[in-house]
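Only one structure is covered here, and it is reproduced in the block below.
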Amino acid sequence: MKTIEAQNKSGFPLVEIPLNKGDRLHIQRGSMVYHTPSVTLNAQLNVNSGGFGGLLKAAARAMASNESMFVTEATSNADGGIVAIAPSAPGDVMALQCGAEQYCLNDGAFLALDGTAGYNVEAVKNIGGALFGRTGGFFIMKTHGTGMLLIEAFGTIREIQLNNESLTIDNGHVVAWSQSLDYHIHTDSGWLQSIGTGEGLVNTFTGTGNVYVQSLNIETFAGVLQPYLPTSSN
């Protein structure tokens with residue numbers, strides 16, 4: 001996937017992706033801004049299986065997380081095709097190469113994936129933590145194969161490299177991480193302390209690999225806006 005980014009420094013990135021004949025690209029539902037006539041878009045269930053069972057799995061996953069039931073597949077029937085996409089919130093877009101290194105993605109981090117690579121949707125390891133946490137869902141996306149992955153973030157993306165180390169990060173700021181890392185979603189100091197500090201769930205990573213964090217937490221930002229939003233009167 002060769003990407004051409006415009007206005008990335010403005011906080012409102014627009015990414016143009018050239019496609020040759022037969023190229024396939026999976027993009028986040030609703031992220032398309034424009035495309036050339038040679039490009040067609042088709043909806044696919046955002047799960048690992050099809051049919052009615054896949055539909056039920058996709059619906060259950062959508063209810064338990066912030067992800068859509070569907071993902072869009074862009075295909076070009078001629079050389080010189082272009083599809084332009086943009087993230088759902090102001091912030092950065094980053095390209096990661098899948099191959100020797102594979103990645104896990106938090107809710108809302110996926111923007112695009114080259115057709116030569118793929119992904120699986122899996123439940124988080126400690127689903128009890130996700131059940132009672134305020135941020136993060138039951139599922140994560142795990143890449144496989146070879147290709148380019150685009151991740152999106154609310155705010156600035158920072159890469160943190162771990163070398164046989166551990167680091168605890170507010171889960172609302174976690175965008176993606178290397179599959180070589182072990183992760184554990186939990187409360188930092190018990191539920192009472194979490195309520196007092198306002199941190200909610202955290203994610204502790206251990207091992208060697210990279211973690212990608214976003215500078216802003218969309219749920220915290222929504223709380224800041226809440227007092228200024230109109231409410232319906234009875």
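Hey, can you tell me all the residues within the range 10-46 that are among the charged types (D, E, K, R) and within 21 Å of residue 106 (Cα to Cα)? Please lay out each step first, then the result.
From the range 10-46, those among the charged types (D, E, K, R) are 16, 21, 23-24, 29; that's our starting set.
Selection gives 29 alone.
Restricting the range 12-31 to residues that are of a type outside the set (Val, Ile, Thr) and over 18 Å from the mean Cα position of the chain (by Cα), the residue that is farthest from residue 77 (Cα to Cα) is 16. In the set (1) modelled with pLDDT under 95; (2) in contact with a helix residue (DSSP H, G or I) (Cβ under 9 Å, 6 or more places away or on another chain), the condition left unmet by residue 197 is number (2).
Within the range 75-97, is even one residue among the charged types (D, E, K, R) and at pLDDT 80 or above? Don't jump to the end; show me each part of the working.
Filtering the range 75-97 for residues among the charged types (D, E, K, R) gives 79, 92.
Right, trim to at pLDDT 80 or above and you get 79, 92.
Scanning the range 75-97, I find at least one residue that is among the charged types (D, E, K, R) and at pLDDT 80 or above, so the answer is yes.
For residue 51, the test of being at positive phi and either in contact with a Cys (Cβ under 8 Å, 6 or more places away or on another chain) or at pLDDT 55 or above (or both) is failed. Picking from residues in the range 69-102 that are assigned to a strand (DSSP E or B) and open to solvent by 20 Å² or more (accessible area, probe 1.4 Å), the one that is nearest to residue 37 (Cα to Cα) is 82.
Each residue in the range 17-41 was checked for being open to solvent by 80 Å² or more (accessible area, probe 1.4 Å) and either of a type in the set (D, E, K, R) or without any contact (Cβ under 8 Å) to a residue 60 or more places away in the chain (or both), and 5 of them qualify.
The values are calculated or read from the model by the stated rules, or taken from the named source; none is laboratory data. If you're wondering where the values come from, they're calculated on a predicted model, not measured in any experiment. Positions of Cβ are backbone-derived with ideal geometry, glycine not excepted, and every protein chain shown enters the neighbour counts. Just so you know, the surface numbers come from the protein's heavy atoms only, side chains and all, with ligands and any DNA or RNA stripped out. Shrake-Rupley method; radii C 1.70, N 1.55, O 1.52, S 1.80 Å.
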